[in-house]
Each structure stands twice: as structure tokens, then as C-alpha cells.
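Every read-out reported here was derived from the displayed coordinates using simple, explicitly stated rules and does not represent laboratory data. No experiment lies behind these values; they were computed from the predicted model shown. We place every Cβ from the backbone using ideal geometry, glycine too, and count neighbours over all the protein chains shown.
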Amino acid sequence: MKSRLSWRILASVLFVSLLVITACGKKEATVTPEPAPAPPASPIQPAPNTTSPSTAIADTVPALPAPTPADSSLTGHDLNELNQSIPLAPIFFNYDSAEMTTAAQSKLANNAEVMRNNLTWIVTIEGHCDERGTAEYNLALSERRALAARNYLVALGIPVNRLRTVSYGEEFPFDPGNDEAAWAQNRRAHFVVTAQ
């Protein structure tokens, strides 16, 4: 009985060894990678939203016109020289407000067009305040102004990754005067080309 069991174990071990040797001798099958999926189709842009996007990015984004070549008068310049030519107009706000005025919306539409003509520009939007109010309050208000300008540009079709924001509060006034005319110039969002 013992010898019969030994032969069965020996036969099983030989059979398993034969299977292992046979399996190792076979060539591995080549795996053909699946083709990469096709890129998604370009989404259709919805019609422009007629509501003011001053507090948040609008739900719809207007269709972009076909890109035009970069404005040759604005390319190839040193950034300081470029910004001194003021290619992007500042916008101004009412006292203690981050709401867009009609004039600000018009200037932002022009700025968006300039940015569409200069597709490599990265722009920093600086938020500013006049000297009235606490430093903390003015920093928060100037941040809301910079974000309102950015959100409006995004609603006009400028990619958000081309826009940066910074809040300066009352630190860098346009006009150092101490009257309403000076304060009106200091309540602004200022646009600086930081990369081209």
C-alpha cells in the first residue's frame, strides 16, 4: 500500500514538473496595447449671457472669435516697456464697491479683445482701494475687485489659467492726493502683463 502511494506521489510530482517545464518553454504572447482614445470633440460654446458676471463667473461663456495673429506692435517687447504702453486699460469702481460699472464692462471687453490677439500673455489683475477704511478691509475689498474683473474676463472667454489676481489695498495709489478726485483714481483694478 505504501509503495502504491509513493508511486502516485512520484507520478504527480513528475506530471507537475512536466507542466512547469512545458509552460516555461513557451514563448510569451505579445500584448498589443489598445489604441489611445480619440480626443473629445470641441465643445460648442453657448450664446453670451446678458446678465452681469460681476459677482461670479457666468454660467455661459460666449463663443470665441477665431484667434487673430498677435498684434505686432505689442509683441517682442520687454515686459516693462510693454506695460508702460498700457495695452490693457485699468477699470475703476465706485466707493466701497466691487460691482462693475458700464464703463468698466466696456473696458474689460476691449481688454479681452487685446488678450485674444496676444494668446501667450499671462496677466495679473491688481486690486486697489483708496485710503479710507482699515488696512484689512481695504485688502479684502481690493481682492473682490480683482476677482470681479477676472470673472468678467473669464465670462468673455479668456481662459482662467491666463489670469492671476493680487490684492494691494491702499498701498499703491495712482494719485497720492487726499480728495474725491484722487480717491476715484485709486479705486481700481489694474492689469499687468507678467509673461508673454
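Things worth noting here:
- Length gained when the stretch A89-R164 is fully extended (0.36 nm per residue, less Cα-Cα span): 25.4 nm
- Once the gyration tensor of the Cα atoms in the range 79-195 is diagonalised, the equivalent ellipsoid follows with semi-axes of 23, 14, 13 Å, ordered largest first.
- The range 79-195: antiparallel DSSP beta bridges as a percent of all, rounded to 5: 55 percent
- Sorting F174, F191 from the fewest to the most surrounding beta carbons within 10 angstrom yields F174, F191.
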